[in-house]
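K.L.:
Sending over a structure as structure tokens; questions will come in a sec.
The values are calculated or read from the model by the stated rules, or taken from the named source; none is laboratory data. As the structure is a computational prediction, the values presented were derived from the model and not from experiment. In this analysis, Cβ positions are derived from the backbone assuming ideal geometry, glycine residues included, and neighbour counts consider all displayed protein chains. These area figures cover heavy atoms from the full protein model, side chains too; ligands, DNA and RNA do not enter into them. Shrake-Rupley method; radii C 1.70, N 1.55, O 1.52, S 1.80 Å.
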Amino acid sequence: MYTSELLALRATQTAAEYILSLTDEPKPHHIVTGGAISHTNHGVPSVLLVQRAAHERSYPNEWEIPGGHADPGESILESLSREIYEETNLVVTKVLCEFEGFQYWSTKYEEGESDLADSTLSVCTQQLNFCVLVSDTSAIQLDPNEHQQYAWCTSETLEQFKMTPTMRQVASNALDSLTLFT
């Protein structure tokens, strides 16, 4: 888990500034933020998972934490709050911590291209992950173009959800981080 000083930096740091600050290769082309929305029921921490829409090109019907791309000029934490609101209708009230992120490679398709198109453009993306609190967990409204359902996940129920091994590790890391705040 990362320090409060780093959270203060993320509040003002843009994705471009973050990429420039990196010394390890490969440097990512894009930054995405992931928000593990925290909820505690009878002292047991849980995080909100959302299921990707069936028509999604990548990982249809898979479960994940809400998140998405940082827009140019916005800070990393502004991106986090915006993406959580766009995907769930929830308003972030507090960022509790940043926890381990990850990099992934994907093929970038131009608008209107087929999945079968011969594309050679691969992009590296860095996902930065945060545990957050929101104002009202009962106000969840999903964008059906992106997600089809949601569920609260605990350490005991994590294995029930179909997700990539990397996202399963992210959810597990989020739940581990939340134990420090309950």
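K.L.:
Residues that are part of a helix (DSSP H, G or I), closer than 23 Å to L133 by Cβ and open to solvent by less than 60 Å² (accessible area, probe 1.4 Å): does the stretch 23-38 have at least one?
P.N.:
No; the residues of the stretch 23-38 include none that is part of a helix (DSSP H, G or I), closer than 23 Å to L133 by Cβ and open to solvent by less than 60 Å² (accessible area, probe 1.4 Å).
K.L.:
Given the structure, is S122 modelled with pLDDT under 95 and open to solvent by less than 40 Å² (accessible area, probe 1.4 Å)?
P.N.:
no
K.L.:
Between a residue in the stretch 87-98 that is polar (S, T, N, Q) and any residue that is surrounded by fewer than 18 Cβ atoms within 10 Å (Cβ to Cβ) and assigned to a strand (DSSP E or B), which pairs come within a Cβ distance under 8 Å, given they are 6 or more apart or on different chains?
P.N.:
From the stretch 87-98, the pairs are T93/L133.
Table: residues versus (1) out of contact with any helix residue (DSSP H, G or I) (no Cβ under 7 Å at 6 or more places or on another chain); (2) free of Cβ contacts under 8 Å to residues at least 24 places away in the same chain; (3) closer than 23 Å to L90 by Cα.
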position	(1), (2), (3)
A15	no, no, yes
E25	yes, yes, no
H30	yes, no, no
T40	yes, no, yes
G43	yes, no, yes
R52	yes, no, yes
S58	yes, no, no
N61	yes, no, yes
E64	no, no, yes
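K.L.:
Take T164 and tell me if it is under 16 Å from the mean Cα position of the chain (by Cα) and among the polar types (S, T, N, Q).
P.N.:
Numbers: under 16 Å from the mean Cα position of the chain (by Cα): yes; among the polar types (S, T, N, Q): yes.
It is true that T164 is under 16 Å from the mean Cα position of the chain (by Cα) and among the polar types (S, T, N, Q).
K.L.:
When the stretch 74-107 is examined, which residues are found to be open to solvent by 70 Å² or more (accessible area, probe 1.4 Å) and either more than 22 Å from R168 (Cα to Cα) or among the aromatic types (F, W, Y) (or both)?
P.N.:
E78, Y85, E86, V91, T93, K94, Y104, W105
K.L.:
I would also like to ask the following. Only residues that are at pLDDT 95 or above and part of a loop (DSSP other than H, G, I, E, B): list them for the stretch 56-71, please.
P.N.:
Matches in the stretch 56-71: P60, N61, E62, I65, P66, A70, D71.
K.L.:
Still on this structure, I have one more. Can you pull out every residue in the stretch 168-182 that is open to solvent by less than 20 Å² (accessible area, probe 1.4 Å) and closer than 13 Å to G34 by Cα?
P.N.:
Those that are open to solvent by less than 20 Å² (accessible area, probe 1.4 Å) and closer than 13 Å to G34 by Cα: V170, A171, A174.
K.L.:
Based on this model, can you work out whether E78 counts as closer than 23 Å to E146 by Cβ, touching a strand residue (DSSP E or B) at 6+ places or on another chain (Cβ under 8 Å), at pLDDT 95 or above and among the acidic types (D, E)?
P.N.:
No; evaluated as a whole, the condition is false for this residue.
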